[in-house]
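Down below is the structure, laid out as structure tokens.
What follows is calculated from the coordinates using simple rules that are stated; it is not laboratory data. Predicted, not measured: the structure shown is a model, and the values here were computed from it. Don't worry about glycine lacking a Cβ; one is built from the backbone with ideal geometry, like all the others, and counts go over all protein chains shown.
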Amino acid sequence: MKLDNFVELLKMPICDSCLGRNIADILSGYTNEERGKAVRMYVAFLLDSGEKLDVDLANFHGIKFRNIKLQDVKPEKCKVCKKFFREKVNGLAKAVAKKLRDMEFDTFLVGSIPSNEMLKNEETMNEIFGIEFSEPIKSEINRELGKRIEKLTRRKFNLRSPDVTILVDLNTDSVKLQVKSLCIHGEYQKLVRGIPQTKWVCSNCQGKGCIKCKGEGKLYKTSIQEIIEKTLIKAAKSRGSSFHGAGREDVDAMNFGWRQFVIEMERPKKRKVDVRKIERMINKSGKVKVRKLRIVKDGNELIRKLKTDRHDKTYRLEIEFEKDIDRRLLKNLKSLAGSEILQKTPTRVVHRRANKTRKRYVKKISYKIVGKSKLVLTVRTDAGLYVKELVTGDEGRTQPNVSELISNKVKSLKLDVIKIHSSKD
Ligand SMILES: [Zn+2]
Ligand SMILES: [Zn+2]
């Protein structure tokens with residue numbers, strides 16, 4: 001660090017912050033503005049002691065000299081930041097605070113794009129002074145804006161996982177807010193048939209509405225996601241949601257087991273929602289029941305866990321066969337318990353999933369005849385077994401299967417999830 005370099009910088013109008021930023025890594029506990037002021041004063045001492053230095057006198061406006069007579073020249077805009085740190089930063093912080101006014105958040109982060117002009121001027125400055133101890137202008141902008149926003153909003157600046165990220169582009173003076181989703185974890189039951197788990201957007205029109213979807217933009221009137229999100233959109237003043245279930249049941253199946261899910265509410269304006277009240281509202285739907293709703297901090301980690309955790313399920317199937325049931329063959333079904341089931345990807349999903357053979361297990365099975373050709377089957381399987389195909393055989397793609405074991409074809413079946421087992425039971 002050479003004094004000459006400071007003198008060189010002081011040949012152009014430059015503010016304390018920009019001057020001090022060149023030595024941001026020297027001394028600690030001072031702002032760059034304080035560093036710059038100290039340097040300016042030191043040069044002023046030299047000038048007043050009689051040193052002849054070729055500097056822009058406007059840089060010493062307001063300093064009282066004793067020994068020399070300087071013409072008091074009004075300072076121009078700082079050549080590097082164009083008055084950003086002296087003036088503009090305050091107005092910008094106020095504008096950001098205003099934008100955040102009706103938003104509930106605890107923590108924020110500032111990310112900025114300095115204007116191209118600032119970057120170019122910074123480069124010129126770096127060429128004069130070197131960058132050994134300097135700090136990029138971007139960091140100082142973020143920090144100075146952050147400090148002011150902290151004061152104005154009484155919220156905390158936070159680098160890791162902030163509720164709101166404030167993006168400032170100084171080329172266009174635009175402010176954008178990136179708002180962290182509000183993640184809510186819970187468990188649901190599905191009390192009706194015929195609705196999917198998530199909103200099923202019409203693939204023909206991508207949701208715009210067409211003949212195929214009768215202008216609805218989706219293939220089902222509602223879904224578990226939409227029923228749950230409706231109350232939450234209102235409570236969190238959110239735009240919409242993403243829904244992540246720990247697996248899903250078929251559209252035509254009910255579920256009386258409790259299935260875990262995380263719903264991510266996008267761009268929420270409220271974060272402190274009353275989950276007990278929301279539970280009650282959702283449960284009024286009569287179609288979906290939820291419990292144990294809670295707000296979670298790290299939604300992504302939990303979603304990953306939900307997607308990878310494997311749980312046994314117990315299903316109840318009401319099956320109607322084409323012929324009367326041959327009671328003598330029913331005992332064959334007992335052989336399924338504990339046996340390995342080989343399943344090729346079912347015909348009904350093979351168009352969207354890889355065609356491969358899976359090995360799954362039936363752990364328990366019991367049955368009850370409820371009509372000449374009607375059977376109720378209760379079966380516990382490990383995760384990922386296609387239970388409908390276990391019954392129908394899916395044209396031989398699942399082996400062994402109920403249909404072949406009792407030599408009777410399936411006419412229709414109704415499926416319910418009775419229990420989603422935890423790892424303990
Ligand atoms: Zn400046
Ligand atoms: Zn459509």
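How much length is gained on full extension from LYS214 to LYS359, taking 0.36 nm per residue of separation minus their Cα-Cα distance?
That pair, LYS214 and LYS359, stretches by 48.1 nm at full extension.
Can you give the Rg to Rh ratio of the stretch 84-179, both from alpha-carbon atoms, with Rh computed by the Kirkwood formula?
So for the stretch 84-179, dividing Rg by the Kirkwood Rh gives 1.01.
Report the Rg/Rh value for the chain, based on alpha-carbon coordinates and the Kirkwood definition of Rh.
Rg divided by Rh gives 1.25.
Describe numerically, in nm with one decimal, the distance between label points set 7 Å from Cα along Cα→Cβ at LYS372 and at GLU123.
Calculated label separation equals 9.0 nm.
Please compute one quarter of the surface area of the Cα convex hull for the stretch 266-389 and express it in square nanometres.
With every direction weighted equally, the projected area is 11.9 nm².
Quick one: among LEU336, LEU47, LEU152, which has the greatest mean-square fluctuation in a GNM of the chain with alpha-carbon springs under 10 angstrom?
Comparing LEU336, LEU47, LEU152 in the GNM, the peak value goes to LEU47.
With labels modelled as points extended 7 Å from the Cα through the Cβ direction, what inter-label distance (nm, one decimal) is found for ALA383 paired with LYS234?
Taking the two extended label points, one gets 3.5 nm.
Could you work out the mean projected area of the convex hull around the alpha carbons of the stretch 333-398, in square nanometres to one decimal?
Approximately 4.8 nm², given one-decimal rounding.
Could you list TYR220, TYR42 in order of exposure, starting from the residue whose Cβ has the fewest other Cβ atoms within 10 Å?
By the 10 Å Cβ count, ascending: TYR42, TYR220.
Let me check against my output: what whole-number percent is the relative contact order of the chain, with C-alpha pairs under 8 Å and at least 6 apart?
Rounded, it is 12 percent for the chain.
Using 7 Å Cα-to-Cβ label points, what is the HIS351/VAL73 separation (nm, one decimal)?
7.8 nm
Pull out the extension gain between LEU152 and LEU57, defined as 0.36 nm times the separation in residues minus the alpha carbon to alpha carbon distance; nm, one decimal.
Additional length available on full extension: 30.6 nm.
For a Förster distance of 41 Å, can you work out the FRET efficiency between the beta-carbons of ILE26 and LYS270, rounded to the nearest 0.05?
The computed FRET efficiency comes out at 0.35.
Kindly state, to the nearest 0.05, the FRET efficiency for GLU8 paired with SER161, given R0 = 60 Å and r defined as their beta-carbon distance.
For R0 = 60 Å, the calculated efficiency reads 0.90.
Taking only the alpha-carbon atoms of the stretch 3-60, what semi-axes of the equivalent ellipsoid follow from 5 times the gyration tensor eigenvalues under a square root, in whole Å, largest first?
Whole-Å semi-axes of the equivalent ellipsoid: 20, 11, 9.
Just need log10 I(q)/I(0) for the stretch 182-308 at q = 0.21 Å⁻¹, Debye formula, equal scatterers on the alpha-carbon atoms, no solvent, rounded to two decimals.
-1.25
Can you give the extra length, in nm with one decimal, that the chain gains between SER422 and ARG304 once fully stretched, where that is 0.36 nm per residue apart less the Cα-Cα distance?
The span from SER422 to ARG304 would gain 40.8 nm if fully extended.
For the chain, set up a GNM with springs between Cα atoms under 10 Å and report which of GLU249, GLU322, GLU51 has the largest fluctuation.
Comparing GLU249, GLU322, GLU51 in a Gaussian network model of the chain, the most mobile one is GLU51.
Apply the a/c threshold of 1.5 to the C-alpha gyration tensor of the stretch 1-100 and tell me whether it is rounded, prolate or oblate.
prolate
Taking R0 as 56 Å, what FRET efficiency do you get between LYS409 and ARG294 from their Cβ-Cβ distance, rounded to the nearest 0.05?
0.75
Among CYS18, CYS202, CYS183, determine the one that fluctuates most according to a GNM of the chain built with springs between C-alpha atoms less than 10 Å apart.
With Cα springs under 10 Å in the chain, the top fluctuation among CYS18, CYS202, CYS183 is at CYS202.
Using Cα pairs closer than 8 Å and at least 6 residues apart in sequence, work out the relative contact order for the stretch 3-60, in percent.
42 percent
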